[in-house]
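Reviewing the structure listed below.
The values are calculated or read from the model by the stated rules, or taken from the named source; none is laboratory data. Note that the structure is a prediction, hence the values are computed from the model and not measured. Neighbour counts run over all protein chains shown; Cβ positions are idealised from the backbone, glycine included. SASA here: full protein model, heavy atoms, side chains in, ligands and nucleic acids out. Shrake-Rupley method; radii C 1.70, N 1.55, O 1.52, S 1.80 Å.
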Amino acid sequence: MNRALICFLVLLNARLSCADSFSPDVQSLIQSSCIDCHDAETDTPLNLEQLDHDLTNRDSFKTWEKVFDRIRLGEMPPASESRPNKDQLAKALASLETNLHETNLKVQKANGRVPIRRLTRLEYEYTLHDLLGVRGELAKHLPPENMSSAFDTVAIDQGISPVHIRSYLAAADIALDEAIELGPRPRRQAIDIDYQNNHYSKMWVDRPLRRGGGTVKLVDDAWVTFDSRPHVAQSNHMGYRPPYPGLYRITAEAYGYQAKTPVTMLLYRSSAQQGGAELISALDLSPGKSRTVEVVSYFTPDDFFYPAPADADWQPDGRGVFANRGAKNYKGEGLAIKWLKIEGPLEEHWPPERTRQVLLGVKFKQRSSNFRRQAFDIELTKAPREHLAEIILHLGPLAFRRPFKKGEAEALLRLAEPSLRDGEPFEEVVRAPLRAMFSAPQFLFQSAEPGELNDHALATRLSYFLWKSLPDDELFRLAEQQRLREPKILAGQVDRMLDDQKSDRFVRDFLDQWLGLENIDATTPDKKLYPEYDDVLRQAMLRETRAFFRELIDQNLSAQNLIDSDFAFVNRRLAEHYGILDVDGDQFRRVTLPDNSVRGGLLTHASVLKVTANGTVTSPVKRGNFVLSKLLGTPVNPPPPDAGSIEPDTRGTTTIRETLDAHRNVMACANCHQHIDPPGFALESFDPIGGFRTRYRSTGQGDWPTRTLFGRRVYEYREGLAVDSSGVTAVGESFHGIRDFKRNLLLKTDRVAGNLIAQLIVYATGGELQFADRGELDKIVQETSGGGYQVRTILHQIVQNRLFRNK
């Protein structure tokens, strides 16, 4: 009997059984308590007269599931209506629950709970990084993901099209260009970027301000810049371009010029073709001290870098270098560079190790002359086809994450036959089968049979969960030995993988999507209202949240810390932003918070507060919805189409609380706002960039007040109306500020932990939680409750659970 017929019979049996069994009890409740408001003649979204009982129909199942949840939570019938008989209610819920669970379970057994899942853009990039030893940005060459679900790993929302295939081939070409490098051996010696003597950098010393100069100067031991713009210091104009893609080491000795406070030395990477600038390092220079710094970063031949100052105070009269008409007699702080060198690519051998691993088994012979930039010839020790077969048999099972099936290797090998017949160079011959390999369904998709995952499929799911990439040699070995499914072996691998630096990929990607940190640049704070926001602070915000979650994993701390914690991770810049004293330097460290601190827990992280604001003002609706959906896992329904929008008042004449009163007074809005607004009000004491406040900042009428920021005189904001961060939750819990609110929220730690577990299951498996999964979710919550919902233990329990170990 074929599989399609089996699935049909299973679904037919489910359809017949559910139609026969749950109707009487449920129908009795509907007739007595529901039908008056949900029939064909009533204007509501739910028509119970037309809703059929076929639970194998996806839409019908979803509707009955929603009906079950609303009745179970007491939301249906509404409080204004008479309550149904308790026995009748219990029987109806039990009947509906049984049939929903059984129908869902039958479908899972027939098809698995997770459809076939494709690699995400980031997973594709990391996979080729680990497989080929390259480091280039590949994800940006692939189509964006369809993010209708919480995570891009969710299989049901993933698609594939001809555009995807063309993009995969293009990305594979870029990766192979970097992997196969036969050009001349690069210099081993570090190259001096001589800012003091280079004609280009010296040119800006005497050039007038109106022509881009006048913001740098030369002193006895250094080149000094007061300018954060790239043109005065970019390396490509200084005669240096990275010869190959790879890792490069920049070392420099620098100090804060005329500094009485710490000056930050920034290093940016940019591209001559693509533009934009990425901050790759921010290093503090203490007053009166020279510091030797070292930064290792990836560069391509199109990239350049440049140093720039930050946190450099203006001169005592409050004027900057431009207002002072140049650097000549300027008394403000700046960045002094005594020397700067760059070396790389950092390779022990040449051709590089990545080339030797891809072109396995061949020898490299250096040419006497470099024709077309190729300095090495490939010497084959056997027939070209045999060499090619060796490479395919080495890379193929790694790429497909399982042993080759019959005919797969030969099919890839045949793709190279035209090139072999034409006598093309071996480095070109190898590209056709590898391009096909990296765009093949076996590479792009994670597939498995319904039921328990075999060892190779389990290794794949585990590695893409914790590393975002293919299994390593140890996971492959255990899968080959069919030992990975043993609980003790599996637990040992989870610990090993979490202790590996590659698990930082999981931490970053999970937090970016769960908390929305990937949207931190979606809005730009108003420079007049929030002049202190810059790249350095932005990076510090993100690093805090990642270090915090990393600490929960490494120390196996309670998920209760997500609500409130007695510690935070800060460096000097973020500590200044938070008002935390006695923190020096650019290194992040764990600090203990005082008992009366408003900080502690995710909700007071500046990164979270930034992504839940709109850049100009804060929104209790957006922040309240974040608490409900992201932390508690109880999102409210979207607003009705005619609900209207909330316009910010940057003039400071109306508070957001007063604006929201209009919404709460509308019947259609009141029910949701009673849940959304209170947590949003509790967070009103934090501004759009996460600073604590007691008054709003305003762009009100009249003269601008003069305030000092980092020693500079700036035309800043006005102090506006007072902030009111008090409120009453929907269940009557009053609070007066964020500390009170967090104390109330701590009573719901089990719900926060349950939501974290649910989010991790969806992210890890690529399948949304279904009705039949609820018991397993409750089981993990119960199993981890005794230890206070420790985060590392939660990860272990998820991996050991059938939801993770089955398709």
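Leaving out ligands and nucleic acids, note down the accessible area per residue over the chain with a 1.4 angstrom probe, in whole Å².
46
Place the peptides 610-617, 272-279 in order of packing, highest mean first, counting for every residue the other Cβ atoms within 10 Å and averaging per peptide.
Descending packing order for the listed peptides: 610-617, 272-279.
Share of Cα-Cα pairs in the range 202-356 beyond 21 Å, in percent?
Numbers: 5597 of 11935 pairs.
Tail of the P(r) past 21 Å holds 47 percent of the pairs.
Taken as Cα centroids, the range 749-781 and the range 582-614 sit 28 Å apart, rounded to the nearest whole angstrom. Here residue 289 is the anchor, and the aspartates and glutamates within straight C-alpha reach of less than 13 Å, apart from those fewer than 8 places off in the same chain, are 253.
Taking the charge dipole of the chain about its Cα centre, with +1 at Lys and Arg Cβ atoms and -1 at Asp and Glu Cβ atoms, the residue from 772, 575, 732 reaching farthest to the positive side is 575.
Inter-label distance, residue 109 to residue 489: 2.8 nm, where each label sits 7 Å from its Cα along the C-beta direction. Of 197, 68, 172, which is farthest along the charge dipole of the chain in the positive direction, counting Lys and Arg as +1 and Asp and Glu as -1 at C-beta? Farthest towards the positive end: 197. Surface composition of the chain: carbon plus sulfur atoms contribute 48% of the solvent-accessible area (1.4 Å probe, protein chains only, all chains present). Label sites at residue 582 and residue 251, each approximated as a point 7 angstrom past Cα along Cα to Cβ, lie 3.5 nm apart. Residues of the range 343-358 with an amide N closer than 13 Å to a point placed 7 Å from the Cα of residue 185 along the Cα-to-Cβ direction: 347-352.
In this simple spin-label approximation, residue 177 and residue 137 carry label points 7 Å from Cα along the Cα→Cβ vector, and these lie 1.5 nm apart. Diffusion coefficient of the range 473-525 by Stokes-Einstein, Kirkwood radius over Cα pairs, 4 °C, 1.567 mPa s: 97 µm²/s. Exceedance of the 31 Å cut-off in Cα-Cα distance is limited, within the set 62/140; 91/630; 405/630; 217/341; 62/622; 630/779, to 62/140; 91/630; 405/630.
Find how much the distance from residue 346 to residue 724 grows on full extension, using 0.36 nm per residue of separation minus their present alpha carbon separation; answer in nm with one decimal.
Details: separation 378, 0.36 × 378 = 136.08 nm, distance 5.54 nm.
Between residue 346 and residue 724, full extension yields 130.5 nm more.
For the range 404-466, the relative contact order is 23 percent, taking Cα pairs closer than 8 Å that sit 6 or more residues apart in sequence and dividing their mean separation by the residue count. Note on residue 331 and residue 477: with the Förster distance fixed at 51 Å, the Cβ-Cβ geometry gives a FRET efficiency of about 0.20. First measure r as the distance between the Cβ atoms of residue 447 and residue 52, then evaluate 1/(1 + (r/R0)^6) with R0 = 30 Å and state the FRET efficiency to the nearest 0.05. It comes to 0.35.
How high is the relative contact order of the range 51-193, in percent, with contacts defined as C-alpha pairs under 8 Å that are six or more residues apart?
Taking the mean separation of contacting Cα pairs over the length of the range 51-193, I get 17 percent.
Seen from every direction in turn and averaged, the convex hull around the alpha carbons of the chain projects onto 40.9 nm². Taken as Cα centroids, the range 341-358 and the range 514-530 sit 38 Å apart, rounded to the nearest whole angstrom. Taking all Cα pairs closer than 8 Å and separated by 6 or more residues, the relative contact order of the chain comes to 12 percent. For the range 593-625, the residues whose backbone nitrogen is under 11 Å from a point 7 Å from the Cα of residue 523, taken along Cα to Cβ, are 609-623. Put simply, the C-alpha atoms of the range 191-262 give a gyration tensor, and the ellipsoid matching it has half-axes of 22, 17, 11 Å, longest first.
What the Cβ-Cβ distance of residue 422 and residue 210 gives, at R0 = 56 Å and to the nearest 0.05, is a FRET efficiency of 0.40.
Please give the net charge around residue 154, taking every other residue with its beta carbon less than 10 angstrom from that of residue 154, where Lys and Arg add +1 and Asp and Glu add -1.
Neighbour charge sum, excluding residue 154 itself: -3.
Segment residue 782..residue 592, full-extension length gain: 65.4 nm, with 0.36 nm per residue of separation and the alpha-carbon distance subtracted.
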